[in-house]
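First the structure, in the form of C-alpha cells, and then the observations on it.
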Amino acid sequence: MELEKVLKKHFGYQSFKTGQKEVITSILAGRDSLAMLPTGTGKSLCYQLPGIILEGQILIISPLLSLMQDQVEQFKRFGEKRVIALNSFLSAEERNRALHHLNQYKFIFISPEMMRVPYILRKLQELPIALFVVDEAHCISQWGFDFRPDYSKLGDIRKKLGNPLTLALTATATQKVREDIIASLDLEEIVKIESTIDRPNIGFYVKELIDYRDKQANILELVANLKKPGIIYFSSKKTAEQMANLLTEKGICQAMAYHGGLDQNTRILIQQQFIYGQLDVICATSAFGMGINKENIRFIIHYHMPMQIESYLQEIGRAGRDGDPSIAILLYSPGDEHLPIQLAENELPSEQQIDWLFKKITDEQLFKNGNISLDMKLMELGGFTEIQWRIIENFVKNSSLETANLKGLQWTINNFVKERLTIKKNNIYSMKKWIETNSCRRENILKYFDEVKTKEVNPCCDICGLQLNDYQAINHLTVPSAKTDVKNWNDYLSKILINGELRE
Amino acid sequence: MMQIESIILYSIKQLNRERTIYSIYHLLNGKKSSQTIQDAHLFSLKKFFGIYEQLSRESFDEIYQAMVEKNWLINNGEQRYSLTTSGMTLLENNPLPQYINGWNFHQITSLFWERLSLLIQVVSNLAFCESRYIPIQKNIDVHNWLKSTLKDITVPRLELGPALYSELNKCFKTAKVIDPSLLVFRLTGFQQIGLTPLQVAAKLNLDIHNYQVGFTNILHYLIQKIMEEENQLKILPYLIDELIQDDELTLSSRKTQKLLLQGHSPDIIAKLRHLKLSTIEDHLVELALNAADFSIDTYVDRELQHEILEVSRQKASKQLKVIKEKIGAATYFQIRLVLAKHGDR
C-alpha cells in the first residue's frame, strides 16, 4: 500500500514532512519507536495515519490539558469524530459515559494522572490497544526541563497494558534524556528516528542592551522595521500587557497580550485573530504557542531570558514553518539570569516551607495509620503555590508510609527539591553561556543536542555575520499590515453572512 | 456619564437608605441569596438583577467611590448612601438602559449569546463553503443545540446566511437608542474573528463597564424582540428555544412547592430534603414573590398580615428590624413572607 495515497486521501497533503514517513513505516512494521522531530513538522500525523490502518485503539498520553483539547479539535476538523480526551475537563457524568463506550473511540487522549486511577486503567486493559503513544516524552526524564513525576510511572502502566506497540515522541531532548526515555519505558529494541533539530531558515540574533528601558525602546524599533507577523515572549504577564499597549498606542502595529490570566473566550479570540492576520504581533508568556499552526510567523523576540535551551528552541521553532527566512532575536541585559532563577525557585517548595509543613504534621498529629491527611488549608497557610503543592502531594501519596517515617519522607522531598533546583540552575547557566558565546550560535545549539553542524547555513547568526536588515519589511512605512477593519456594523454583518460570489 | 452610574444612582434612590451599597453590587452580580432576590422585588429593581455578573468588587468600589468624589452621593454611615441634588438631577437627565430586563433574562443571557455567536460562525462558514475552522464556543450543550437546530431549520443551507442577515437587520432596524456595533463586532465568521469586549470598547471609545452594560442591553433587546416577532422570524426563534420559562422559580423552590402541594409541612420538607429549615423558608418567600396562587395564610394570621403592612407603611420602611421592633409577636420569617406577598412591586 502506498502511504502517500493514504496521506492524500485522508489528510489532503501531497507529501510527508521530514521524518514522518520513517516513523510511520517503523510503526506499521510493528517496531517500538522513538521519534525526535523538530517542532512544527506535524508529529501527530505519526500516530494519526497508522490509526487509519491499524486495528484497535490508539492511546495517546499527553501532559498538557490545553494541548489535548487542541489536538482533539484538530482531529474533528479533519473529520475524525471517534476521538475523546479523558481528562479533568470532563464532568463525572461525561467521563462515565465515555468509559462505558470506550471501544467506540479510535483515538483516546489521556493525561498521565488519569491512567493511574485503577478503574480507568482496568477499562483500558479491556481494549485491544494498537499503539501506545507517549507525547512530549521528554517529561519522563528528570534530566528533562519539564520533568513530570507522573510520567515516570508510564513504564509500569505500559506493562500493565500488556506491552503494546509504543511510540515515544519529542521535539527537544538531549542524548541523556533520550536514553532515559528508552530505559523508563523499558523498550528493548527500538527504532530511533532522530531528525536534526536545526531549522536552517531561522537566523539567530542576540542583542546585548543596558537595561529594560533600552529593551523597550529596541522592541519598538525592531517591531516597526521587521517583517511581520511575529511573537514577543515575556516571563511576566504585566510586561507583556504593557508592551502590547505601547505597540498599539504608538501605532506601530496591531498587538495584543496573551497569557494564562485571560479568560478562555478571550484567549481563543486572540489566538484566532493572530492566525487570521487581524493581529501583527502577540506579546505572550509561554502559555502561548502550543498547538498553534501558523505558517508565516517571521520573527520571535525574547524580551526575558528563557529558562533553558530546550524551551527556547521550541518557542523560536514557531517561526518560519513555511520555510521562508525568519529571525529569532534575544534581548539580553546584564543580570537577566536572576529572573529565571527566581522563577525556578518559585516552582519548588522552599526548605523552610517543608520544615513548617512537617512540624505541622507532627504537632497536629496528621500522621495516622500510615496516612497523612493533607488539607488544602495547609497549602494556604504555608504559602504554597499550586505547583509547589502538587509536588508535595505527589510525594505524600506515593510513598509507603508504613515502612518509612516522617523524617525520611521530609529528607526525600528536600533532596528532590535540591536536585531539581541544581538541574534548573544548570539549564539557566547553559542558556547564559550560549548568549555569551563568541562562536557560531547554531553550532552551539546543535552541540547541546549532540549533533554536529554538517552544512553551512547563510544567513546563520549574529556571530557569523547575519544582518538584521535582511529581515526588514520592504515598505515598513505603510504599517499596519493587519487587515484594515470594517467601520460600520451593517457592512460587517453582511460581509460575514453574505457570500457575494454565490449571489450571482 | 456612564450607564452603570445611572443604574447605581437609580438603585440608591430606590433603596432609600434601607440597604447598604453592597446590596447593589449583589443585585448587579445576580447573587442567588433570598435577601438579594427579595430586595430586587421590594425596591423594584428586578430589571437590574444579574445584568453584570463579571463586575468585580474592586471595580464596583472604584465606580461608586468616584461617584462620591464627584459629589453625586453622600455617605450616611454604615455603608448606606443617598443622592445629592446633583445626583438627582443627573438621574433625571440620563435615561436608564431601555431594554435591560435582568430578572427575566439573566439566567439565559450568556447561553443566548453562546448560541447566537456559534450559529453565526457556523452559518457564515457554510455560506463560504468552509468546513475547517475552530468553533469559538466550547460549550458542548451549545454544540448539540446547534446540531439539532440545523436539522430543524427549513431554510436551504446556502440561503441561511442572507436569511439570518435580514432577520438580524430587521430586528436592529427598529431599535431606538441602541448601537448594534456593540454586539456585531464581537461576532466571528468566515475568516473573520470577532473582537473581545475590551477590543470593541476601545474601538468604539467606550469605557469597559459602559460597554458591558450596553452589550447586555442589546442582548435583552434582541431576546425580547424575538419573543414578540416569533411568527415573522424563521431562524432567530431557535435561539430562545426551551430557554424561556413561564414562571421564575428556582429548581429547588419548585421541589419544595411540589412537597407542599402533597401536604407536607416546612419542618417535614426540611427533613425529607436534608436541608435547613431556613432554606425551606427562603423557598416559601420565593413562592410568595412569584407564585400568585400561593397563600401565606397558613403561616401568618390575616390580622398579623395587616398589622405588618400597616407598620411598614407608617414607617415607610421595608427593613425587617424596624418592623420587628414594633411587632414583637411576628417572626422575621413572617415579616418577610408578608412583604414578599403584599409589598409593592
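Go through A:ILE268, A:ILE292, A:ILE275, A:ILE282 for me and flag whichever is among the β-branched types (Val, Ile, Thr), crowded, with 23+ Cβ neighbours inside 10 Å and closer than 22 Å to B:GLY189 by Cα.
After applying the criteria, what remains is A:ILE282.
Restricting to the stretch B:210-231, name every residue that is in contact (Cβ under 8 Å) with a residue 24 or more places away in the chain and part of a loop (DSSP other than H, G, I, E, B). Break it down into steps so the answer makes sense when it comes.
As a first pass, look at the stretch B:210-231 and keep what is in contact (Cβ under 8 Å) with a residue 24 or more places away in the chain: B:210-226, B:229.
Correct list: B:GLU229 only.
Checking B:ASP207 against (1) over 19 Å from B:LEU126 (Cβ atoms); (2) touching a residue at least 12 places away in the same chain (Cβ under 8 Å); (3) within 9 Å of chain A (Cβ to nearest Cβ), which test does it fail?
Answer for B:ASP207: the failing condition is (3).
Identify, from the list A:ASN103, A:ASN96, the residue that is in a helix (DSSP H, G or I), polar (S, T, N, Q) and either touching a residue at least 40 places away in the same chain (Cβ under 8 Å) or open to solvent by less than 50 Å² (accessible area, probe 1.4 Å) (or both).
Every option except A:ASN103 fails the conditions.
Does the stretch B:167-188 contain any residue that is surrounded by 20 or more Cβ atoms within 10 Å (Cβ to Cβ), under 19 Å from B:ASN29 (Cα atoms), not assigned by TED's automatic domain parsing to the domain that holds B:ILE63 and not polar (S, T, N, Q)?
No, because not a single residue in the stretch B:167-188 is surrounded by 20 or more Cβ atoms within 10 Å (Cβ to Cβ), under 19 Å from B:ASN29 (Cα atoms), not assigned by TED's automatic domain parsing to the domain that holds B:ILE63 and not polar (S, T, N, Q).
Examine the stretch B:189-196 for a residue that is within 24 Å of the chain's Cα centre (by Cα) and within 10 Å of chain A (Cβ to nearest Cβ), and state whether such a residue exists.
Pass one, the stretch B:189-196, residues within 24 Å of the chain's Cα centre (by Cα): B:196.
From the residues that got through so far, the ones that are within 10 Å of chain A (Cβ to nearest Cβ) too are B:196.
Within the stretch B:189-196 (the criterion being within 24 Å of the chain's Cα centre (by Cα) and within 10 Å of chain A (Cβ to nearest Cβ)), the answer is yes, since at least one residue qualifies.
Working only within the stretch A:310-328, note down all residues that are among the hydrophobic types (A, V, I, L, M, F, W, C) and over 13 Å from the mean Cα position of the chain (by Cα). Reasoning before the result, please.
Of the stretch A:310-328, the ones among the hydrophobic types (A, V, I, L, M, F, W, C) are A:313, A:316, A:319, A:327-328.
Those that are among the hydrophobic types (A, V, I, L, M, F, W, C) and over 13 Å from the mean Cα position of the chain (by Cα): A:ALA319, A:ILE327, A:ALA328.
Please verify whether A:GLN142 is outside any helix (DSSP H, G or I) and either open to solvent by 70 Å² or more (accessible area, probe 1.4 Å) or not aliphatic (A, V, I, L, M) (or both), treating the condition exactly as stated.
Yes: the conditions hold for A:GLN142.
Quick one: in the stretch B:77-107, of everything that is at pLDDT below 90 and more than 19 Å from B:ILE4 (Cβ to Cβ), which residue is surrounded by the fewest Cβ atoms within 10 Å (Cβ to Cβ)?
B:GLY77
From (1) in a helix (DSSP H, G or I); (2) surrounded by 19 or more Cβ atoms within 10 Å (Cβ to Cβ), pick out the condition that doesn't hold for B:ASN144.
The failed condition is (2).
Of all residues in the stretch A:217-246, how many are within 14 Å of chain B (Cβ to nearest Cβ) and open to solvent by less than 10 Å² (accessible area, probe 1.4 Å)?
Result for the stretch A:217-246: 1.
Would it be correct to say that B:LEU219 is modelled with pLDDT of 95 or more and away from chain A (no Cβ under 12 Å)?
When the stated conditions are applied, B:LEU219 passes them.
Of everything in the stretch A:256-272 that's touching a strand residue (DSSP E or B) at 6+ places or on another chain (Cβ under 7 Å) and among the aliphatic types (A, V, I, L, M), which residue is farthest from the other protein chains (Cβ to nearest Cβ)?
A:ALA257
With the requirement that a residue be surrounded by fewer than 16 Cβ atoms within 10 Å (Cβ to Cβ) and under 23 Å from the mean Cα position of the chain (by Cα), what does the stretch A:156-182 give you?
A:GLN175, A:LYS176, A:GLU179
How many residues are farther than 19 Å from B:GLN98 by Cβ and part of a helix (DSSP H, G or I) if we restrict to the stretch B:193-209?
Residues that pass the stated criteria total 8.
Among the residues of the stretch B:325-332, are any modelled with pLDDT of 85 or more and within 21 Å of B:ALA40 (Cα to Cα)?
yes
Within the set of pairs 6 or more residues apart or between chains, which connect a residue that is in contact (Cβ under 8 Å) with a residue 40 or more places away in the chain inside the stretch B:300-318 to a residue that is in a helix (DSSP H, G or I) and surrounded by fewer than 13 Cβ atoms within 10 Å (Cβ to Cβ) with Cβ atoms less than 6 Å apart?
If the second residue must be in a helix (DSSP H, G or I) and surrounded by fewer than 13 Cβ atoms within 10 Å (Cβ to Cβ), no pairs are left.
Would you confirm whether any residue within the stretch A:352-361 is among the charged types (D, E, K, R), in a helix (DSSP H, G or I), open to solvent by 90 Å² or more (accessible area, probe 1.4 Å) and closer than 30 Å to A:SER430 by Cβ?
So far as the stretch A:352-361 goes, no, none of its residues is among the charged types (D, E, K, R), in a helix (DSSP H, G or I), open to solvent by 90 Å² or more (accessible area, probe 1.4 Å) and closer than 30 Å to A:SER430 by Cβ.
Quick test of your reading of the structure: B:THR154 fulfils all but one of (1) more than 28 Å from the chain's Cα centre (by Cα); (2) open to solvent by less than 20 Å² (accessible area, probe 1.4 Å). Name the failing condition by number.
(2)
Hey, does the stretch B:235-251 have a residue that's in contact with a helix residue (DSSP H, G or I) (Cβ under 7 Å, 6 or more places away or on another chain), closer than 22 Å to B:PRO162 by Cα and in a loop (DSSP other than H, G, I, E, B)?
yes
Quick one: A:PHE109 ticks every box in (1) under 18 Å from the mean Cα position of the chain (by Cα); (2) closer than 28 Å to A:ILE309 by Cβ; (3) buried (at least 21 other Cβ atoms within 10 Å of the Cβ) except a single one, so which number is it?
It is condition (2) that A:PHE109 fails.
Can you tell which of B:ILE280, B:ILE269 is modelled with pLDDT of 90 or more and touching a Pro at 6+ places or on another chain (Cβ under 6 Å)?
B:ILE280
Return the pair list, or none, for Cβ contacts closer than 9 Å from residues in the stretch B:122-140 that are on the phi > 0 side of the Ramachandran plot to residues that are assigned to a helix (DSSP H, G or I), at least 6 apart or on different chains.
The qualifying pairs are B:CYS129/A:LEU502; B:CYS129/B:LEU158.
Assess whether A:ASP135 counts as being out of contact with any Leu (no Cβ under 7 Å at 6 or more places or on another chain) and either modelled with pLDDT of 90 or more or farther than 26 Å from A:PRO38 by Cα (or both).
No.
Output the residue which, of all residues in the stretch A:447-463 that are touching a Cys at 6+ places or on another chain (Cβ under 9 Å) and modelled with pLDDT of 95 or more, is farthest from A:ARG178 (Cα to Cα).
Among residues in the stretch A:447-463 that are touching a Cys at 6+ places or on another chain (Cβ under 9 Å) and modelled with pLDDT of 95 or more, the one farthest from A:ARG178 (Cα to Cα) is A:ILE463.
The values are calculated or read from the model by the stated rules, or taken from the named source; none is laboratory data. Note that this is a predicted model, so its numbers are computed, not measured. Because the Cβ atoms are built from the backbone with ideal geometry, glycine has one as well, and the counts that use them run over all protein chains shown. Only protein heavy atoms, including side chains, enter the accessible area calculation; ligands, DNA and RNA are left aside. Shrake-Rupley method; radii C 1.70, N 1.55, O 1.52, S 1.80 Å.
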